[in-house]
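Asks: For reference, the structure I am asking about is given below.
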Amino acid sequence: MQDLFYIKDVSRCVGKEVELRGWVYHRRRKGAVSFLVIRDGTGSGYIQCVFVRGELSDEQFEITDRVPLESSVLVRGVVREDRRAPGGYEILGSQIELIQEACDYPITPKEHGVSFLLDRRHLWIRSKRQRAILTVRNELLKAIRDFYDQHDFVLVDTPILTATFAESEVELFETEYFDLGKVFLTQTGQLYLEAAIFAFNKVYNLGPTFRAEKSKTRRHLTEFWMNEAEMAFYDNEMNMDLQEEFVEYIVQRTLERCRGELELLGREIAPVENVRRPFYRIEYSRAIEILREKNFDIEWGDELGGDEETAISMSFDKPVFIMNYPRGIKAFYMKLNPEDPRTVLNADLLAPEGYGEIIGGSQREDDYDCLIERISEFGLPVQPYRWYLDLRRYGSVPHSGYGIGIERTVAWICGIKHVREAIPFPRTIRRIRP
Ligand code: 4AD
Ligand code: MG
């Protein structure tokens, strides 16, 4: 197979003739010279091609002069180093072929509204900012996988269709499943990861999860990606220690590899560099005090909504764990806090700068009888949880785990407001296309 030329390899091709395949990003003419900036999606992705009238046929020169933006082209030419060229290299073009002429590309350099752009998300992802965000996402996902590989975790893929739910009954997408009745799109793979620790000790998953959340906030998608980890013999302290190490690693690794992208996005770098252990740890009760000092109308026992999370997260210059929530507002599987059974052994990790919750985690109830009680405390039927209860009958151990939302973490690292730009094709209550 013939090796294709990619812009990311341009520094190795100085003085050589190459065939560049890509899309026209920018076009301009100065007298007898045409400049086309071509992008091919690789590396930093853009290179200037220079065409001089007389050095290629008139017909070809005319193409360089009128080819519409986003048309696909093939350019032959010689690579040269040029300090003045954006990126430091350019191609002296000797030939151009129009692969397909793009007519009236709808996204132009003028300002467009977000809803106009989201309707054209299939085209919008080509733009510089969107490419930068999705590059950060790609590097973040690589860092996540590398962390688990380096810490002896085994990847266990958890199912998407499930008859057992774990988070919230009101946020389920349901579907009829042949003769077997109602099933749901998964909200979490946690219960299955709990089964898998008995096979592999430390496990993780990475995949899409679904929540029919009515919330129309900048933090909520109906389909989002989550990475979850579950560890045998970990209590909630160890769980938080691991999360600190994990978050520091994935954030610093992504920063190291994506500094250019973050700069392009206008992200202030210092707060990202500051994401180093130790993070802050406060009790839920303390969080309520802080909020009341800030004049929030909130009582012990209430949930922390978006505004509350923002306020707390603004009060700390690094991520902060909020520990030991009231048992009634968290999931049934969390272990009761032996020191105060009104609360559970859990922690949510809030990212700073107003971003709010990125991780939910807890120690799990590992006692058979207590778990049955907790299931009925939440008014849930026991039958669908029979298999899950088995895990408390055959070699139960203390164990803990957590789940991190990928889009919220990408949005935080990139310094963008809304999670909808942190996923290639966002799904929200109002949006299922493209
Ligand atoms: O806090 P959650 O609901 O925790 C769980 O699902 C646990 N079973 C995880 C575990 O212990 N294995 O969700 C985890 C994270 C949140 O902290 C948030 O970052 C993200 O998932 N998340 C969402 N992200 C985007 N849109 C939504 N609607 C989200 N709901 C949760
Ligand atoms: Mg949560």
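Asks: Return a yes/no flag: does region 418-426 have any residue that is within 16 Å of ligand 2 (Cβ to nearest atom) and closer than 30 Å to R267 by Cα.
Replies: Yes, region 418-426 has at least one match.
Asks: Okay, moving on. Restricting to region 345-354, and then to whatever is free of Cβ contacts under 8 Å to residues at least 60 places away in the same chain and within 12 Å of ligand 1 (Cβ to nearest atom), can you tell me which residue is nearest to F279 (Cα to Cα)?
Replies: Step by step, filter region 345-354, then rank; the result is L350.
Asks: Same structure, new question: Among the numbered criteria (1) assigned by TED's automatic domain parsing to the domain that holds R218; (2) under 18 Å from E213 (Cα atoms); (3) without any contact (Cβ under 8 Å) to a residue 40 or more places away in the chain, which single criterion is violated by I432?
Replies: Answer for I432: the failing condition is (1).
Asks: Among the residues of region 287-324, which ones are within 30 Å of Y368 (Cβ to Cβ) and either under 26 Å from the mean Cα position of the chain (by Cα) or in contact (Cβ under 8 Å) with a residue 60 or more places away in the chain (or both)?
Replies: Within region 287-324, E303, F321, I322, M323 qualify.
Asks: Another question about this same structure. For region 26-45, name all the residues that are open to solvent by 40 Å² or more (accessible area, probe 1.4 Å), outside any loop (DSSP other than H, G, I, E, B) and in contact with a strand residue (DSSP E or B) (Cβ under 9 Å, 6 or more places away or on another chain).
Replies: H26, R27, R28, R29
Asks: Another question, then. Among the residues of region 324-333 satisfying the criterion of being more than 20 Å from A195 (Cα to Cα) and in contact with a strand residue (DSSP E or B) (Cβ under 9 Å, 6 or more places away or on another chain), which is surrounded by the fewest Cβ atoms within 10 Å (Cβ to Cβ)?
Replies: Restricting to residues being more than 20 Å from A195 (Cα to Cα) and in contact with a strand residue (DSSP E or B) (Cβ under 9 Å, 6 or more places away or on another chain), the top hit is P326.
Asks: Could you check how many residues of region 83-103 are open to solvent by less than 70 Å² (accessible area, probe 1.4 Å) and modelled with pLDDT of 95 or more?
Replies: 9
Asks: I need the full set of residues from region 355-377 which are within 16 Å of ligand 1 (Cβ to nearest atom) and of a type in the set (D, E, K, R), in order please.
Replies: Correct list: E357, R364, E365, D366, R374.
Asks: Residues being more than 10 Å from ligand 1 (Cβ to nearest atom) and part of a helix (DSSP H, G or I): count how many of those fall in region 397-411.
Replies: Within region 397-411, residues that are more than 10 Å from ligand 1 (Cβ to nearest atom) and part of a helix (DSSP H, G or I) number 1.
Asks: For region 334-387, give me each residue that is assigned to a helix (DSSP H, G or I) and buried (at least 16 other Cβ atoms within 10 Å of the Cβ).
Replies: Listed by number, the residues that qualify are L371, R374, I375, Y385.
Asks: On to the next question. Within region 238-253, can you find the residues that are more than 16 Å from ligand 2 (Cβ to nearest atom) and touching a Ser or Thr at 6+ places or on another chain (Cβ under 9 Å)?
Replies: Listed by number, the residues that qualify are M238, L242, I250, V251.
Asks: A further question follows. Could you give me the residue pairs with C-beta distances under 9 Å whose first residue belongs to region 140-167 and is more than 30 Å from L262 (Cβ to Cβ), whose second residue is surrounded by fewer than 14 Cβ atoms within 10 Å (Cβ to Cβ) and among the polar types (S, T, N, Q) wherever it lies, and which are 6+ apart or on separate chains?
Replies: Filtered contacts from region 140-167: L161/T175.
Asks: Y284 passes all but one of (1) open to solvent by 20 Å² or more (accessible area, probe 1.4 Å); (2) within 14 Å of ligand 2 (Cβ to nearest atom); which number fails?
Replies: Condition (1) is where Y284 drops out.
Asks: Right, another one. Consider G260 carefully, then state whether it is open to solvent by 10 Å² or more (accessible area, probe 1.4 Å), modelled with pLDDT of 95 or more, in a loop (DSSP other than H, G, I, E, B) and of a type outside the set (D, E, K, R).
Replies: no
Asks: May I pose another question? Just one of the numbered conditions (1) buried (at least 20 other Cβ atoms within 10 Å of the Cβ); (2) closer than 29 Å to L172 by Cβ; (3) under 15 Å from the mean Cα position of the chain (by Cα) is not true of Q243; which one?
Replies: (3)
The values are calculated or read from the model by the stated rules, or taken from the named source; none is laboratory data. Computed from a predicted model, the values in this text were never measured in an experiment. Counting neighbours? That spans all protein chains shown, and the Cβs are built from the backbone with ideal geometry, glycine included. In case anyone asks, the SASA skips ligands and DNA or RNA and just uses the protein heavy atoms, side chains included. Shrake-Rupley method; radii C 1.70, N 1.55, O 1.52, S 1.80 Å.
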